[in-house]
Amino acid sequence: MISPMGGLDGLDDLYEAIILDHYHNPRNKNFIKDPDFDEEINNPFCGDELRIQAKIIDDKVKEISVSGRGCAISQASASLLAEYAEGKKINEIFHAVDIVRSMLKGEEISEEDRDNIKDIDALQGVRKFPIRIKCALLGWTGFYDLVNANRGYS
Ligand code: ZN
(Lines give C-alpha, C1' and ligand atoms only; values in the text may rest on other atoms or scores of the structure.)
Protein backbone atom coordinates (compact mmCIF):
# COMPACT_ATOMS: atom_id res chain seq x y z
CA MET A 1 0.00 0.00 0.00
CA ILE A 2 1.29 3.44 -0.88
CA SER A 3 1.51 5.82 2.06
CA PRO A 4 -0.45 9.04 1.56
CA MET A 5 2.51 10.80 3.17
CA GLY A 6 4.77 9.80 0.32
CA GLY A 7 7.36 8.02 2.41
CA LEU A 8 6.86 9.87 5.66
CA ASP A 9 5.98 6.79 7.68
CA GLY A 10 7.20 7.30 11.19
CA LEU A 11 5.74 10.75 11.62
CA ASP A 12 4.04 11.09 14.99
CA ASP A 13 0.33 10.20 14.61
CA LEU A 14 -0.92 13.56 15.87
CA TYR A 15 1.42 15.50 13.60
CA GLU A 16 0.46 13.26 10.70
CA ALA A 17 -3.25 13.88 11.33
CA ILE A 18 -2.77 17.66 11.32
CA ILE A 19 -0.62 17.60 8.20
CA LEU A 20 -2.99 15.30 6.30
CA ASP A 21 -5.97 17.44 7.30
CA HIS A 22 -4.30 20.58 5.92
CA TYR A 23 -3.17 18.72 2.80
CA HIS A 24 -6.66 17.42 2.03
CA ASN A 25 -8.51 20.57 3.16
CA PRO A 26 -6.21 23.51 2.45
CA ARG A 27 -7.24 26.73 4.19
CA ASN A 28 -7.65 30.06 2.41
CA LYS A 29 -6.91 28.83 -1.08
CA ASN A 30 -9.55 30.90 -2.90
CA PHE A 31 -8.11 33.78 -4.92
CA ILE A 32 -8.67 37.24 -3.48
CA LYS A 33 -9.58 40.50 -5.19
CA ASP A 34 -7.06 43.33 -5.58
CA PRO A 35 -4.18 41.68 -3.71
CA ASP A 36 -1.14 43.79 -2.83
CA PHE A 37 0.98 41.02 -4.21
CA ASP A 38 0.29 37.90 -6.20
CA GLU A 39 3.33 35.75 -6.92
CA GLU A 40 4.33 32.21 -7.70
CA ILE A 41 7.21 30.54 -5.94
CA ASN A 42 8.65 27.08 -6.22
CA ASN A 43 10.98 24.57 -4.65
CA PRO A 44 12.97 23.06 -7.52
CA PHE A 45 14.33 20.27 -5.31
CA CYS A 46 10.90 18.68 -5.04
CA GLY A 47 8.83 20.41 -7.72
CA ASP A 48 6.53 22.11 -5.21
CA GLU A 49 4.70 25.20 -6.48
CA LEU A 50 2.78 27.83 -4.55
CA ARG A 51 0.88 30.95 -5.51
CA ILE A 52 0.64 33.44 -2.68
CA GLN A 53 -1.63 36.47 -2.69
CA ALA A 54 -2.14 38.89 0.16
CA LYS A 55 -3.96 42.06 0.94
CA ILE A 56 -2.22 44.01 3.68
CA ILE A 57 -3.72 46.99 5.46
CA ASP A 58 -1.98 48.86 8.30
CA ASP A 59 0.69 46.15 8.56
CA LYS A 60 -1.97 43.50 9.06
CA VAL A 61 -2.89 40.67 6.69
CA LYS A 62 -6.50 41.40 5.86
CA GLU A 63 -6.74 38.56 3.34
CA ILE A 64 -4.41 35.84 2.17
CA SER A 65 -4.69 33.13 -0.44
CA VAL A 66 -2.23 30.28 -0.81
CA SER A 67 -2.70 27.60 -3.44
CA GLY A 68 -0.49 25.27 -5.36
CA ARG A 69 0.65 21.76 -5.98
CA GLY A 70 3.38 19.52 -4.78
CA CYS A 71 4.14 17.12 -1.97
CA ALA A 72 1.90 16.80 1.09
CA ILE A 73 4.36 18.59 3.36
CA SER A 74 4.73 21.65 1.12
CA GLN A 75 0.99 22.04 0.66
CA ALA A 76 0.05 21.34 4.28
CA SER A 77 2.70 23.75 5.55
CA ALA A 78 1.45 26.44 3.17
CA SER A 79 -2.10 25.87 4.41
CA LEU A 80 -0.91 26.24 8.03
CA LEU A 81 0.66 29.55 7.00
CA ALA A 82 -2.55 30.69 5.27
CA GLU A 83 -4.61 29.85 8.33
CA TYR A 84 -2.19 31.46 10.77
CA ALA A 85 -1.53 34.65 8.81
CA GLU A 86 -5.08 35.81 8.24
CA GLY A 87 -5.85 38.79 10.46
CA LYS A 88 -2.37 38.82 11.99
CA LYS A 89 0.20 41.61 12.07
CA ILE A 90 3.19 41.24 9.78
CA ASN A 91 5.64 41.23 12.70
CA GLU A 92 3.70 38.41 14.41
CA ILE A 93 3.83 36.35 11.22
CA PHE A 94 7.53 37.05 10.77
CA HIS A 95 8.08 35.84 14.33
CA ALA A 96 6.22 32.63 13.43
CA VAL A 97 8.48 32.26 10.37
CA ASP A 98 11.48 32.39 12.73
CA ILE A 99 9.89 29.78 15.00
CA VAL A 100 9.21 27.46 12.05
CA ARG A 101 12.82 27.86 10.87
CA SER A 102 14.16 27.13 14.38
CA MET A 103 11.89 24.12 14.82
CA LEU A 104 13.00 22.60 11.53
CA LYS A 105 16.63 23.11 12.50
CA GLY A 106 15.92 21.14 15.65
CA GLU A 107 16.36 24.09 18.00
CA GLU A 108 14.39 24.37 21.23
CA ILE A 109 11.46 26.76 21.14
CA SER A 110 9.94 28.41 24.18
CA GLU A 111 6.70 27.28 25.81
CA GLU A 112 5.18 30.66 24.94
CA ASP A 113 6.11 30.33 21.27
CA ARG A 114 4.75 26.81 21.20
CA ASP A 115 1.39 28.01 22.57
CA ASN A 116 1.40 30.81 20.07
CA ILE A 117 1.84 28.65 16.97
CA LYS A 118 -0.59 25.87 18.00
CA ASP A 119 -1.02 23.33 15.16
CA ILE A 120 2.02 24.65 13.33
CA ASP A 121 4.17 22.67 15.75
CA ALA A 122 3.13 19.60 13.73
CA LEU A 123 5.86 20.69 11.30
CA GLN A 124 8.55 19.77 13.80
CA GLY A 125 7.94 16.14 12.81
CA VAL A 126 9.36 17.01 9.39
CA ARG A 127 12.89 17.40 10.75
CA LYS A 128 13.10 13.62 10.79
CA PHE A 129 12.99 13.88 7.00
CA PRO A 130 15.73 16.37 6.04
CA ILE A 131 14.86 16.13 2.35
CA ARG A 132 11.42 17.63 3.16
CA ILE A 133 12.62 20.63 5.16
CA LYS A 134 12.74 22.87 2.08
CA CYS A 135 9.18 21.74 1.30
CA ALA A 136 7.99 22.70 4.78
CA LEU A 137 9.71 26.10 4.62
CA LEU A 138 8.59 27.06 1.11
CA GLY A 139 5.40 28.94 2.04
CA TRP A 140 6.84 30.57 5.16
CA THR A 141 10.06 31.90 3.67
CA GLY A 142 8.20 32.73 0.45
CA PHE A 143 5.68 34.84 2.34
CA TYR A 144 8.50 36.55 4.25
CA ASP A 145 10.39 37.38 1.03
CA LEU A 146 7.27 38.57 -0.79
CA VAL A 147 6.24 40.94 1.99
CA ASN A 148 9.74 42.40 2.11
CA ALA A 149 9.86 42.73 -1.67
CA ASN A 150 6.48 44.53 -1.69
CA ARG A 151 6.93 46.82 1.30
CA GLY A 152 5.32 49.65 -0.63
CA TYR A 153 1.92 47.96 -0.42
CA SER A 154 0.09 50.43 1.79
ZN1 ZN B 1 8.06 18.91 -1.48
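The values are calculated or read from the model by the stated rules, or taken from the named source; none is laboratory data. Quick caveat, the model's predicted, so the values are computed rather than measured. Every residue, glycine as well, gets a Cβ built from its backbone with ideal geometry; the counts of neighbours run over all protein chains shown. What goes into the accessible areas is simple: the full protein's heavy atoms, side chains included, and nothing from ligands, DNA or RNA. Shrake-Rupley method; radii C 1.70, N 1.55, O 1.52, S 1.80 Å.
Mind checking which pairs have a first residue in segment 115-137 that is in contact (Cβ under 8 Å) with a residue 60 or more places away in the chain and a second that is hydroxyl-bearing (S, T, Y) and open to solvent by 40 Å² or more (accessible area, probe 1.4 Å), Cβ under 6 Å, 6 or more apart or different chains?
A122/Y15; G125/Y15
From the residues in segment 134-154 that are in a helix (DSSP H, G or I) and open to solvent by 40 Å² or more (accessible area, probe 1.4 Å), which one is nearest to the ligand (Cβ to nearest atom)?
Within segment 134-154, the match that is nearest to the ligand (Cβ to nearest atom) is K134.
Quick check on my filter: what residues within segment 69-113 are away from the ligand (no atom under 16 Å from the Cβ) and at positive phi?
G87, G106
Can you confirm whether I99 is open to solvent by less than 20 Å² (accessible area, probe 1.4 Å) and more than 21 Å from P26 (Cα to Cα)?
Yes: the conditions hold for I99.
Quick grid of which residues meet (1) open to solvent by 80 Å² or more (accessible area, probe 1.4 Å); (2) within 16 Å of the ligand (Cβ to nearest atom); (3) not basic (K, R):
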position	(1), (2), (3)
I18	no, no, yes
D21	no, no, yes
P26	no, yes, yes
K29	yes, no, no
I32	no, no, yes
P35	no, no, yes
D38	no, no, yes
P44	yes, yes, yes
E49	yes, yes, yes
